[in-house]
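First up is the structure itself, then whatever we jot down about it.
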Amino acid sequence: MDRINQLFLEALGASVKDETVGWEAGVSAQEWETLWQLAQTHNVLPMVFEATYAAPAARSADPQMIAQYRRRTVQSVMLQTMKTSEFLALLQHLEAAGMTPSVVKGIVCRSLYPKPDYRMSGDEDVLIPEEQFERCHQAMCAFGMQPVKPDVDLKAEYEIAYGKPGSALYIELHKKLFPPESDAYGELNGFFEGAHERTTHVEIDGASVRTLDVTDHFLYLIFHSFKHFLHSGFGIRQVCDIVLFANRYGQEIDWGYVLNSCRAAHAELFAAALLKIGERYLTFDPDKAGYPGEWRALDVDEEDMLNDLLDAGVFGDASMSRKHSSMITLDAVSAQKKGKKGRGSLLKTILPPVKDMIPRYPVLKKKPWLLPVTWADRLIRYGREAARSENNDAAQSIRIGSERVQLLKKYGVIR
């Protein structure tokens, strides 16, 4: 592991314990800047900056740079605090309108941290019973929320994104936790059948928030990361969420169900690697959490997983080349589920099938014969992105995708 990643993990480990690092010296001005830039890439800058800026070693950092990152930290925390307050008001509004929204990730995970609003959330995810979806949409609009795509089809979509004019609040309203049409992971929804009948409540900032029961929620945190792993990867913040959730609720989690579910999804080595990373760097306590010996005994090397997620950025979007590589990995997983060899197809990466194009081109749902037109548009857009970005190269995407297919094999996701 390179030095910056080591410093980053030490700082993050200190943050989740509400501590500061004890570095006395030996960190150069350039290393400080690289460290805080990495924290920003993983959307954990407030956590890492707070845990590091007062260390004696920070005397070597440029004072103007410290002031810059302090300003970003303060602004980020203030913005998150405002979003949290407004989101709690929205939940209260939905409950008063007769809805039963269940919050997943986001605010529930933030509540596990020593300083909740230092753990950033770009959006909030809300799961609603499908029969309430249209009424919930009306209630959302009455609160001032607006669909990000004005012409969205409420009946056809499994989730709809909402923003609010003049506000940073961003909501994704789900009928399902995963896109049902996905060959790679649509079947993960089956593990959450009946989840609406098993909900619980947690208190956050004096408000009662409905959420999934602890076993469903813990499994969802793992599977949500797994979904991103199948795409272009995910960042260290999601590992922090999983670790802190296990530490807090481990004795209530049905670990047998979680393990069997992960096995059925070919994700048991994936999850074991994440928990080994958590134990090594991020305060995961297997005994406190009741982590079963059967899972601890799995022979898994977490280093390649750690390197992948450190390279990935918060949702695998550290570079455009990496984002575009997801078509190779998703094709490899989909191929195996259809009984074929999971290798990843270059052709499908360049010219995906119609169902993989629908999220960006909804018109294909009703007019699939327009697929060649959308392929042409996609290639034009890709060319424009490549011209604007130094980190967007087709050959690089293919290389990253091929390497990540090997990673999927190493962790037992595909053969």
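The values are calculated or read from the model by the stated rules, or taken from the named source; none is laboratory data. The structure displayed is predicted, hence computed values, not measured ones. Cβ sites come from the backbone with ideal geometry, for glycine too, and all protein chains shown count toward neighbours. For the accessible areas, the whole protein counts, side chains as well, though only heavy atoms, and no ligand, DNA or RNA atoms are used. Shrake-Rupley method; radii C 1.70, N 1.55, O 1.52, S 1.80 Å.
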Next on the checklist: Only bridges whose two residues both fall in the chain count here: according to DSSP, what percent of them are antiparallel, nearest 5?
Outcome noted: 75
Item to check | For THR283, solvent-accessible area (1.4 Å; no DNA, RNA or ligand), Å² | outcome: 50
Checklist entry - Hey, what do the phi angles of segment 240-257 turn into as Karplus ³J(HN,Hα) couplings, whole Hz, using 6.51/-1.76/1.60 and θ = phi - 60°, x for Gly and Pro? => result 4, 4, 4, 5, 5, 5, 5, 5, 6, 10, x, 5, 9, 6, 7, 5, x, 5
Next on the checklist: At 0.36 nm per residue, and after removing the present C-alpha to C-alpha distance, how many nm does the segment from MET78 to GLU31 gain when stretched out fully?
Outcome noted: 14.2 nm
Item to check | the chain - percent of accessible surface contributed by carbon and sulfur, probe 1.4 Å | outcome: 51
Next on the checklist: Keeping every protein chain present and rolling a 1.4 Å probe, give me the accessible area per residue for segment 1-118 in Å².
Outcome noted: 43
Item to check | Where labels lie 7 Å past Cα in the beta-carbon direction, separation of GLU130 and LYS366 in nm | outcome: 2.2
Item to check | Computed accessible area, ASP287, all protein chains, 1.4 angstrom probe, square angstrom | outcome: 110
Next on the checklist: Step by step: find N for the chain, compute 2.2 N^0.38 Å, then divide the Cα radius of gyration by it. What's the final number?
Outcome noted: 0.99
Next on the checklist: Suppose each label sits 7 Å from its Cα in the direction of the beta carbon; what would the VAL373-LYS115 distance come out to in nanometres?
Outcome noted: 5.2
Checklist outcome for this item: Rounded to the nearest 5, the percent of DSSP beta bridges in segment 53-188 running antiparallel is 70
Checklist outcome for this item: Toy charge model, Lys and Arg Cβ at +1, Asp and Glu Cβ at -1: segment 151-222 dipole around Cα centroid in debye, rounded to 20, equals 220
Checklist outcome for this item: In Å, the C-alpha Rg and Dmax of segment 20-152 are 19.5, 59
Checklist entry - What is the dipole size for segment 1-47, taken about its Cα centre, with +1 at each Lys and Arg Cβ and -1 at each Asp and Glu Cβ, in debye to the nearest 20? => result 100
Checklist outcome for this item: Under 5 Å from the placed amide H of GLU124, counting only residues 5+ away or on other chains, we find TYR170, ILE171, GLU172
Item to check | Area of MET82 that stays accessible when all protein chains are in place (1.4 Å probe, Å², to 10) | outcome: 120
Checklist entry - HN-Hα J couplings of segment 145-154 from phi, Karplus 6.51/-1.76/1.60, θ = phi - 60°, integer Hz, Gly and Pro as x? => result 6, 9, x, 4, 9, x, 9, 4, 8, 4
Next on the checklist: Name the residue from THR211, LEU259, ASN307 whose Cα lies farthest towards the positive end of the charge dipole of the chain, charges +1 on Cβ of Lys and Arg and -1 on Cβ of Asp and Glu.
Outcome noted: ASN307
Checklist outcome for this item: Once Lys and Arg are counted +1 and Asp and Glu -1 for all other residues with Cβ under 10 Å from that of LEU188, the total becomes +1
Checklist outcome for this item: Quick shape check on segment 88-200: root eigenvalues a ≥ b ≥ c of the Cα gyration tensor, a/c under 1.5 is rounded, otherwise prolate if a/b tops b/c, else oblate, and it reads rounded
Checklist outcome for this item: Sorting SER76, PHE178, SER326 by the position of each Cα along the dipole of the chain (Lys, Arg +1; Asp, Glu -1; all at Cβ), the one nearest the positive end of that ordering is SER326
Checklist outcome for this item: Per the rule of 0.36 nm per residue minus the C-alpha distance, extending MET1 to GLU252 adds in nm 86.9 nm
Checklist entry - Zone of SER167 (label point 7 Å along Cα→Cβ, backbone N under 18 Å): which residues in segment 94-129? => result 94-104, 106-108, 121-128
Checklist outcome for this item: Per the 1/(1 + (r/R0)^6) rule, R0 = 45 Å and r from the Cβ atoms of ARG263 and LYS155, FRET efficiency to 0.05 is 0.85
Next on the checklist: How big is the dipole moment of segment 1-112 about its Cα centre under a simple scheme where the beta carbon of each Lys and Arg is +1, that of each Asp and Glu is -1, and everything else is neutral? Debye, nearest 20, please.
Outcome noted: 240
Item to check | Linear extension gain, ALA142 paired with GLU19, 0.36 nm per residue minus alpha-carbon span | outcome: 40.0 nm
Checklist entry - Relative contact order, percent, of segment 135-275 when contacts are C-alpha pairs under 8 Å separated by at least 6 residues? => result 13
